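*Asks:* Have a look at the structure that comes next, please.
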Amino acid sequence: MAKHVLRTQNNKKVVIDVSKDATLYRCPVNPPGSGTSGFTGTDLLAHKARSGNVYFYFHHWSMWQGSVDSFSLIDRNAAEEFLIEKAGISGQYGLDEREIEFAKEFGFDLMEETA
């Protein structure tokens, strides 16, 4: 996949690459028995810039002919809320153990109780 350029709120450029950036959540593609619901999805990725800053972004994709993928930078809190939402879903659309461990590498300890 080609690289894409996104802008931060401070107008800085972030060059993302879906094939190289860390995937924290990958939406299932056309899971069995889903009908057409698996033809679109949103993945959560993390890009580590040369500066050492980590940028989180959504990759919105569709398998429908003529559709174009889109990307949007999100802040750390939005990334955490997205992961917590996915951690609460069981089955194919929830987080698997690998994703939970990978999220922990980026500082999201999803299974640590804070209440």
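Just so it is clear, none of the values below were taken in a lab; they were calculated from the coordinates. Quantities reported herein were computed from a predicted structural model and do not represent experimental measurements. All Cβ positions, even for glycine, are placed from backbone atoms using ideal geometry, and neighbour counts span all protein chains on display.
*Asks:* For region 4-105, what is the relative contact order in percent, using Cα pairs closer than 8 Å and at least 6 residues apart in sequence?
*Replies:* Once normalised by length, the contact order is 20 percent.
*Asks:* State the extension gain, in nm to one decimal, for the chain segment bounded by Glu81 and Lys12, taking 0.36 nm per residue of separation less the distance between their alpha-carbons.
*Replies:* 22.4 nm
*Asks:* Output ³J(HN,Hα) for region 98-113: one whole-Hz value per residue in order, computed from phi by the Karplus curve 6.51 cos²θ - 1.76 cosθ + 1.60 with θ = phi - 60°, and x for Gly and Pro.
*Replies:* Each residue of region 98-113 in turn: 5, 5, 5, 5, 5, 4, 4, 4, 9, x, 9, 8, 5, 9, 8, 6 Hz.
*Asks:* Same structure again: How do 100-106, 70-76 rank on mean C-beta neighbours within 10 Å, highest first?
*Replies:* Per-residue mean Cβ counts within 10 Å order the peptides as 100-106, 70-76.
*Asks:* In a shell of Cβ-Cβ distance under 12 Å around Val14, excluding Val14 itself, what net charge do Lys and Arg (+1) and Asp and Glu (-1) give?
*Replies:* In short, +4.
*Asks:* Nothing charged except the Cβ atoms of Lys and Arg (+1) and of Asp and Glu (-1): what's the magnitude of the dipole of the chain about its Cα centre? Round to the nearest 20 debye.
*Replies:* 740 debye
*Asks:* HN-Hα J couplings of region 68-76 from phi, Karplus 6.51/-1.76/1.60, θ = phi - 60°, integer Hz, Gly and Pro as x?
*Replies:* With the stated coefficients, region 68-76 comes to 10, 5, 9, 9, 8, 6, 9, 7, 4 Hz.
*Asks:* Mind listing the phi-derived Karplus ³J(HN,Hα) values for region 39-54, rounded to whole Hz, using 6.51, -1.76 and 1.60 with θ = phi - 60°, and x for any glycine or proline?
*Replies:* With coefficients 6.51, -1.76 and 1.60, one gets 8, 9, x, 10, 9, 10, 10, 10, 10, 9, 7, 4, 5, x, 5, 10 Hz.
*Asks:* I've got another one for you. Any idea how far apart Tyr93 and Thr23 come out in nm if each label point goes 7 Å out from Cα toward Cβ?
*Replies:* Placing both labels 7 Å along Cα→Cβ, they lie 1.9 nm apart.
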